[in-house]
Each structure stands twice: as C-alpha cells, then as structure tokens.
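**Student:** Supplied in structure tokens, the structure appears directly below.
The values are calculated or read from the model by the stated rules, or taken from the named source; none is laboratory data. Since the structure is predicted, the reported quantities are computational estimates derived from the model, not experimental observations. FYI the Cβ positions are ideal-geometry reconstructions off the backbone, even for glycines, and counts take in every protein chain you see. These accessible areas exclude ligands, DNA and RNA; they are computed on the full protein's heavy atoms, side chains included. Shrake-Rupley method; radii C 1.70, N 1.55, O 1.52, S 1.80 Å.
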Amino acid sequence: MTSRRRIEVVVRAVALAFVTMMAVACGRDPAPASTPLSGTIRISGSPADASLLAALEDGFRKQHPRVSFVHALHGPESTLAGVYTGTADLALMARELREPLERMAFEWAMLDKPLPVDIALAGIATARRTAQLGVFVHKDNPLRQLSLRQLDAIYGAEHRRGGPLARDWGALGLRGTWAERPIHVHGPPVSSIEALYLRRAVLHDSRKWNPGYRQAEAEGAPVIARLEQDPDGIAFAPLRDATAGVRALALGNGDEGPFHSADDASVRSGAYPLVRSITVIPAHTHERPMPHAVRAFIAYLLSDEGQAVIAAEGGYLPLGPVALHAQRERLP
C-alpha cells in the first residue's frame, strides 16, 4: 500500500470515528447509512389503528425489508404503558396524554421526559375515538361565533383568560329575549380525554369548571342528544356527532377574530383553534437513545410518502406544511 493510500485510509477512519462520536452525543444510532436496517420494532397502540399501522409498515418495508414489526394493540388506555414498562419501542397514541398521571409514570420509570412526535391530525368525520372537537349550540340559538376567551368564560370559573365569567347569553352579545336567558353548559365527563383536552387548550389547565356543568353519564355517551332538547344549551363534542338540531360555532383565538369553522384546510393550517394531534412516543431517553430502525420509522411517518399513506387510509388527516416541518426538526 502506498503512503498516499495509507493516508486516505487513516483520514476516512478518523472521519468515521468523528461521525460516530457526534451521532452518539446527539442520541442517534451511529449505524452508517449504507448499513441495511434490520431488527424488530414493537408497537403498542389501539385496535382501531391496526389498518393504518399495516399500511405504514408495508410502505416502510419496501425501503427496509429486513425490519419486522410486532403489535400490542390493547389500547388506548394501556398504549403508553407498553413503552415505560419495556414491552414496546414505540407507542402510537390515539389520544392526548392523561396529565399528569401518564407523564409522571413515564418519568418515574424512564427517568426522563416523554418525547411525543406529532405524525397526523385527528380527523373530522372519522369514527376513530380521537376526532376534532366542535362547540355547538341549539339550532334556534342566533350565536354564530366564539373566541377562546369567551369559551373559557362559559366553561371555566377562574378567569384565566381574563374578563368576566359568562353565565347568560347576554354576556356573549345576544340581545332581546336571549339576553337574560341562562347558558346551560353540557359536555362529556370532566375526567374524559375530550374534557382534559378542553381544559388545557381553553381553560389554561384550570381544574375549576363552571359549577353548572352538566356532564354526560359516561365517556362516549351522546352529548349532542341533550343539546338538541335544550335551546339554552352549549356543548363541546366530536364534530362527527353534529345533527340537524344543532349548529357548530366558528371559533377564534382572539375576541376580534378571525373566526374559523373546522374543515380540512383550517385544521391542517392550524387556523382552527382546537386542533388535536396524533402522536408517537418512543422509548427514548438521554441514557437510552432510540434504535436506528425506530428513528428511521418515525422519519418515514413524517416523510411525504408516509403522510400520503396517512391521508389515503382516511382515519386521520396528514400534517400541514408548517407542523410537518416543525416535527421533522425536533426529531432527535
């Protein structure tokens, strides 16, 4: 071997060692790109997402045929437990985390914070448990729109968004015979995922609800059916539950608007204020970075091809361009 050749070999070895060192320091699997991915990815999730997972895994295996998958679809309540008990490498969360219970369980077992990565948006007409939420009034109610501050004033009791509480329709600007009529507040149980989401997104995580809150008997019980019989009522519920007897309100982040109804465009752009996301959470900590195959699979979920699979499967909406870029940037 010539001296020049020896120098080239040494330089390449040093460069590879440096790349490996930096990859480990950043918490990434140091496997070189030329090494074929292999191994088994264990996924916990919900039975409702079986078809979506199958489609995504088929697409991923076309690129990485040596990777296999094992499912434990017993969720949605047990989904994250698979990660922090060591039986799953990745949790497909079909709902938001129950705060603080699930986050604390993860941190206690893993000694680190969970790393949720958004891969999709909840659907609008979907039959899946996680669906975009709307705020509804009776069809005879003249109200057409609400800001999040007004929604907090209706459902909350702590004024965390400022301004007075709203307990009658006059406080929301209605006049005439509507002005002094009381607002009857309906919704799912306050322990439900939907209520927990509204609490964080609207009430600024206040646990003090309107004392007049009329909660459904059980999670999943029909809320809209009650509203159809109550002209003075307001309710939040999955948009798919809408009927001819109620009307969904346009919502705005501020009192001056703009106000947006929920549709594919407003949800994907983030203009609609109550956007719910579908996430994956890997068994990732600073001390135990996710395997290269797991990271590659998450990257595939965020790729144009993976997002197209999500759109074609139909249960959820693909991420909008801004959200997609943000999730790609935060993937370690």
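**Student:** Starting from the range 279-302, take each residue that is within 15 Å of residue 92 (Cβ to Cβ) and list its partners that are among the β-branched types (Val, Ile, Thr) and assigned to a loop (DSSP other than H, G, I, E, B), counting only C-beta distances under 9 angstrom and pairs at least six apart or across chains.
**Tutor:** 281/79
**Student:** While we're here: Does the range 241-255 contain any residue that is out of contact with any helix residue (DSSP H, G or I) (no Cβ under 9 Å at 6 or more places or on another chain), among the β-branched types (Val, Ile, Thr) and in contact (Cβ under 8 Å) with a residue 12 or more places away in the chain?
**Tutor:** No, the range 241-255 contains no residue that is out of contact with any helix residue (DSSP H, G or I) (no Cβ under 9 Å at 6 or more places or on another chain), among the β-branched types (Val, Ile, Thr) and in contact (Cβ under 8 Å) with a residue 12 or more places away in the chain.
**Student:** What number goes with the only condition from (1) under 30 Å from residue 88 (Cα atoms); (2) modelled with pLDDT under 95 that residue 163 does not pass?
**Tutor:** The one condition residue 163 does not meet is (1).
**Student:** For the range 289-332, please list each of the helices (runs of 4 or more DSSP H) lying entirely inside it that holds at least 1 residues being aromatic (Phe, Trp, Tyr) and modelled with pLDDT of 95 or more.
**Tutor:** Answer list for the range 289-332: 292-301.
**Student:** For the range 309-328, how many residues are touching a residue at least 60 places away in the same chain (Cβ under 8 Å) and over 11 Å from residue 270 (Cβ atoms)?
**Tutor:** 10
**Student:** Here's a follow-up. Just to be sure before I move on: is residue 42 modelled with pLDDT of 95 or more and open to solvent by 40 Å² or more (accessible area, probe 1.4 Å) in the structure I sent?
**Tutor:** Considered against the rule, which asks whether it is modelled with pLDDT of 95 or more and open to solvent by 40 Å² or more (accessible area, probe 1.4 Å), residue 42 comes out as yes.
**Student:** Would you mind telling me which numbered condition in (1) at pLDDT 95 or above; (2) more than 23 Å from residue 306 (Cα to Cα) residue 124 fails?
**Tutor:** (2)
**Student:** So, one more: Hey, could you check the range 269-315 for residues that are open to solvent by 10 Å² or more (accessible area, probe 1.4 Å), of a type in the set (Ser, Thr, Tyr) and under 15 Å from the mean Cα position of the chain (by Cα) and say which is nearest to residue 199 (Cα to Cα)?
**Tutor:** 277
**Student:** Right, here's the next one. For the range 180-215, how many residues are open to solvent by less than 30 Å² (accessible area, probe 1.4 Å), touching an Asp or Glu at 6+ places or on another chain (Cβ under 9 Å) and assigned to a loop (DSSP other than H, G, I, E, B)?
**Tutor:** 7
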